[in-house]
Amino acid sequence: MKNLRMNYRYRDAHNYKEFGSVVFSNPAGMTVEEAASLLLPKLISEEFFVPDKWGLPRLHASPYDPAVDHEWHEFEEFEETDEEAMDGREIGEFLEDVVKGESI
């Protein structure tokens, strides 16, 4: 089974972008489409999320200025990968917590 990588980015107040991803193990063989269909309704405007609430790393590379910057990150896509999982949760566990609205 291929693991699933969740790609996302952060766009700061000056429109500079930082890109990142997290790879989840996928022993149940969830498809990219299945994962996206579970995640999209839980995003703000089907695009934004706060990574801290889901136990994901923030992508703020430059100094964070709360006066002008924000916490919202943008979901880009899921994709299959042969890369090793970098999160201790399986994709199903991660999405189950997101769907339930549980913060990590």
Selected residue [at pLDDT below 95, out of contact with any Ser or Thr (no Cβ under 8 Å at 6 or more places or on another chain) and closer than 18 Å to residue 35 by Cα] from 82, 69, 65, 97: 97
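I want to confirm something. Restricting to the stretch 1-20 and keeping residues that are basic (Lys, Arg) and closer than 13 Å to residue 56 by Cβ, which single residue is surrounded by the most Cβ atoms within 10 Å (Cβ to Cβ)? Give the derivation first.
Filtering the stretch 1-20 down to residues basic (Lys, Arg) leaves 2, 5, 9, 11, 17.
Within this subset, residues satisfying the condition of being closer than 13 Å to residue 56 by Cβ are 5, 9.
On the way: 5: 21, 9: 14.
Of everything passing the filter in the stretch 1-20, 5 is surrounded by the most Cβ atoms within 10 Å (Cβ to Cβ).
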Cβ-Cβ distance below 6 Å, separation of 6 or more or different chains: which pairs start in the stretch 46-65 with a residue that is within 22 Å of residue 93 (Cα to Cα) and end on one that is among the hydroxyl-bearing types (Ser, Thr, Tyr) and exposed (fewer than 13 other Cβ atoms within 10 Å of the Cβ)? 53/103
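Given the criterion over 17 Å from residue 101 (Cα atoms) and within 15 Å of the chain's Cα centre (by Cα), identify the matching residue among 4, 38, 43. Show your work before the answer.
Working: 38 fails: over 17 Å from residue 101 (Cα atoms); 43 fails: over 17 Å from residue 101 (Cα atoms).
Of 4, 38, 43, the one residue that is over 17 Å from residue 101 (Cα atoms) and within 15 Å of the chain's Cα centre (by Cα) is 4.
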Could you list all residues from the stretch 83-101 that are of a type in the set (Asp, Glu) and under 21 Å from residue 42 (Cβ atoms)? 87, 90, 93, 96, 97
Collect the residues in the stretch 67-82 that are under 16 Å from the mean Cα position of the chain (by Cα) and farther than 14 Å from residue 44 by Cα, keeping them in residue-number order. 77, 78, 79, 80, 81
Looking only at the stretch 26-71, which residues are of a type in the set (A, V, I, L, M, F, W, C) and touching a helix residue (DSSP H, G or I) at 6+ places or on another chain (Cβ under 8 Å)? 28, 30, 35, 38, 39, 49, 54, 59
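Being without any contact (Cβ under 8 Å) to a residue 12 or more places away in the chain and of a type outside the set (Ser, Thr, Tyr) is the filter here; which residues of the stretch 15-39 pass it?
Scanning the stretch 15-39 gives 15, 17, 33, 34.
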Do we find a residue being within 18 Å of residue 98 (Cα to Cα), modelled with pLDDT of 90 or more, out of contact with any Leu (no Cβ under 8 Å at 6 or more places or on another chain) and of a type outside the set (Ser, Thr, Tyr) anywhere in the stretch 14-28? yes
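The values are calculated or read from the model by the stated rules, or taken from the named source; none is laboratory data. In this text, all values refer to a predicted model and were calculated from it rather than measured experimentally. We place every Cβ from the backbone using ideal geometry, glycine too, and count neighbours over all the protein chains shown.
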